[in-house]
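The values are calculated or read from the model by the stated rules, or taken from the named source; none is laboratory data. Note that the structure is a prediction, hence the values are computed from the model and not measured. Virtual Cβ from ideal backbone geometry, glycine too; neighbours counted across all protein chains shown. The area values use the complete protein model at the heavy-atom level, side chains included, leaving out ligands, DNA and RNA. Shrake-Rupley method; radii C 1.70, N 1.55, O 1.52, S 1.80 Å.
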Amino acid sequence: MKKQILTTFIASIAISGALAQAPTAPRLVVGITIDQLRSDYLKAFMPLYGEGGLKLLINKGQVYSNVQYQHWPIDRASAVASIVTGTCPYSHGIIAEEWLSRAELHSNFCVDDRSYKGVETSEYSSPKNLLVSTIGDELKAATKGKALVYSVSPFRDASILNAGHAADWAMWIDNQTGRWAGTTYYGQQPTWLGFLQSNSIANRISSVTWKPSNEYIGTYNYYLATNQKSFVHNFTGDSRYRMFKTSGLVNEEVTKAARYCLENGNVGIDEVTDFLSVFYYAGNYQGATTTESTELQDTYKRLDDEIEKLLKKIDAIVGLDKTLIYVTSTGYDEIDNTDDFIKYRIPTGNFNINRCSTLLNMYLCTMFGNGQYIESYFGNQIYLNHKLLEQKQLKLAEVLEHCEDFLFQFSGVRDVFTAQRITQGAWTPGISTIRNGYNPKCSGDILVQVTPGWNLVNEDRGTRKIQRDSFFEFPLIFFGYTIKEEKIDKPITIDCIAPTVAHHIRIRAPNACSTPPLF
């Protein structure tokens, strides 16, 4: 009997000891995505930074320096969706910020949804086009709705896609009013946002001036050119809020909103893990055609200041040791400097998608009889009229083969990818990244890859975009909760973030994510 009691006593001690040593999940996950952040500029402007922002993350975090996206082309929306879902556009459905709606034959913004009215905005929005779950969605499901999920961004698409389907609130700066906007999809606007609204940029825009934040901006010069100039920008006219959102000042508004969420949104205050997404901007100022600008130096300096403020607020309210933070980039830039190409006789030109589509339709008429074979075109994609092909009893594969042969004859065309070629996976260098960026529900039947250095032009929409295949280096940083300082050079892909976060907070990865966690 005594032996049995002793055994039970020892077992209870062992169990209680095991429970005491059971790992705890972080109270808060903060996902920081920085639009167009580049490793070379991140490092180059280091002398301008303080000690508690970007330097702290780089010096004390787990830094992956060789990170890439798995799809092409990359833009803000497709990048954000890939980060939070742990998969690529082929699965999550967000191929770009905009694409053509086959049903209505007009451009469709990725988060447009007429079923849900805007809050403090005239735009109707929801995440309905995001076809799979996000890390925030899985967190909500795992905690039976107890976890809090918030998203803050200057941009509507980034805020909603980061928030996912089950978030408590997503907010962004409205292009027309300058107020913090939302959507009724997520219910009613939290009452604690009232004070933030009364202090939004809308109430101050007329008196706001962007100029260098200190005397060193412009004096310190990383660029080869030495004639860096100071600047002063005011924000006026109908596009004033759009302009403001591409300035170095916008990140201050984002930090204010994120800090206000930390102070009043009850995130990170209990044992249930919460999620806060923060989206910053590090791209070029609107209208600029080169990255070699004093404005960009100031943007990175101000970004550093805002990250330091955010980290201090997290530490004060939740504790950095109880918060898992990841920081990464959208992995692209929007620089257009073809003027330099012409000046220095670098090969360049214009590929006009509208003219090309007209000629392609004439060619198909010659081959198969009169008809409107080209239903529409958008970006680098051409959409065929499937109903007409059915009426004429034409095989889609045969028509696509003729289209491919014809389009290869155009100057400025590097390659032509038909839907059949993409989905069948016929081997071509780089075709996997193109397939990952393709989605059968919204992509075109033909994708035209323009030669690097050439412009993709759509005269009907008045757009011009230069084609670049240059390597874009950006980091992934994990910081805070149990993270040890480490520098890692091995190549990784962006879809590693979601499963790694899921592993740390002990939930399932998003439902289309098949990538294992990093550590």
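Details
- Members of the range 199-223 found to be open to solvent by 50 Å² or more (accessible area, probe 1.4 Å) and in a helix (DSSP H, G or I), listed by number: N203, S206, S207
- Unique match (being open to solvent by less than 20 Å² (accessible area, probe 1.4 Å), in a strand (DSSP E or B), more than 21 Å from A103 (Cβ to Cβ) and in contact (Cβ under 8 Å) with a residue 60 or more places away in the chain) among F417, F351: F351
- Options I446, I494: the member that is touching a helix residue (DSSP H, G or I) at 6+ places or on another chain (Cβ under 7 Å), open to solvent by less than 10 Å² (accessible area, probe 1.4 Å) and more than 17 Å from G379 (Cα to Cα): I494
- Subset tally (residues that are within 14 Å of V327 (Cα to Cα) and either out of contact with any Lys or Arg (no Cβ under 7 Å at 6 or more places or on another chain) or part of a loop (DSSP other than H, G, I, E, B) (or both)) for the range 45-65: 11
- Meets criteria (more than 27 Å from G237 (Cα to Cα), at pLDDT below 95, out of contact with any strand residue (DSSP E or B) (no Cβ under 6 Å at 6 or more places or on another chain) and not small (G, A, S)) for N203: no
- Single residue of F471, F406, F410 found to be out of contact with any Pro (no Cβ under 9 Å at 6 or more places or on another chain) and within 28 Å of R38 (Cα to Cα): F471
Listed here are the residues, each with its yes/no results for (1) farther than 23 Å from K313 by Cβ; (2) touching a strand residue (DSSP E or B) at 6+ places or on another chain (Cβ under 8 Å); (3) β-branched (V, I, T); (4) at pLDDT 95 or above.
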residue	(1), (2), (3), (4)
E215	yes, no, no, no
T219	yes, no, yes, no
N227	yes, no, no, no
F231	yes, yes, no, no
E253	no, yes, no, yes
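- Test: residue in the range 256-268 that is over 19 Å from W169 (Cα atoms), out of contact with any strand residue (DSSP E or B) (no Cβ under 6 Å at 6 or more places or on another chain) and open to solvent by less than 70 Å² (accessible area, probe 1.4 Å): no
- Qualifying residue in the range 42-53 (condition: open to solvent by 10 Å² or more (accessible area, probe 1.4 Å), touching a Ser or Thr at 6+ places or on another chain (Cβ under 8 Å) and not small (G, A, S)): no
- The lone exception for P347 - which of (1) at pLDDT 95 or above; (2) over 30 Å from G86 (Cβ atoms) it fails: (1)
- Some residue of the range 60-67 being modelled with pLDDT of 95 or more, closer than 10 Å to I494 by Cβ and under 13 Å from the mean Cα position of the chain (by Cα): no
- Condition met for V80 (in contact (Cβ under 8 Å) with a residue 60 or more places away in the chain and either open to solvent by less than 20 Å² (accessible area, probe 1.4 Å) or within 30 Å of I505 (Cα to Cα) (or both)): yes
- Any hit, the range 310-327, residues being more than 30 Å from K146 (Cβ to Cβ), buried (at least 18 other Cβ atoms within 10 Å of the Cβ) and at pLDDT 95 or above: no
- Set V84, V152: member being modelled with pLDDT of 95 or more and in contact with a Pro (Cβ under 9 Å, 6 or more places away or on another chain): V84
- Residue count, the range 457-499 (criterion: more than 18 Å from the chain's Cα centre (by Cα) and not in a loop (DSSP other than H, G, I, E, B)): 11
- First in the range 118-133 and at pLDDT below 95, second anywhere and among the polar types (S, T, N, Q) and in a loop (DSSP other than H, G, I, E, B), Cβ under 6 Å, 6 or more apart: none
- Screening G453 with (1) at pLDDT 95 or above; (2) surrounded by fewer than 18 Cβ atoms within 10 Å (Cβ to Cβ); (3) closer than 26 Å to E97 by Cβ gives one miss only, at (1).
- Among residues of the range 298-319 that are outside any helix (DSSP H, G or I), those with a Cβ under 8 angstrom from a residue that is of a type outside the set (G, A, S), sequence gap 6+ or separate chain, pair up as V318/R27; V318/L28; V318/L262; V318/V267; V318/I269; G319/R27.
- One residue from I382, I422 being open to solvent by less than 80 Å² (accessible area, probe 1.4 Å) and in contact with a Gly (Cβ under 7 Å, 6 or more places away or on another chain): I382
- Residues within the range 360-379 that are within 28 Å of W454 (Cβ to Cβ), open to solvent by less than 80 Å² (accessible area, probe 1.4 Å) and free of Cβ contacts under 8 Å to residues at least 24 places away in the same chain, tallied: 3
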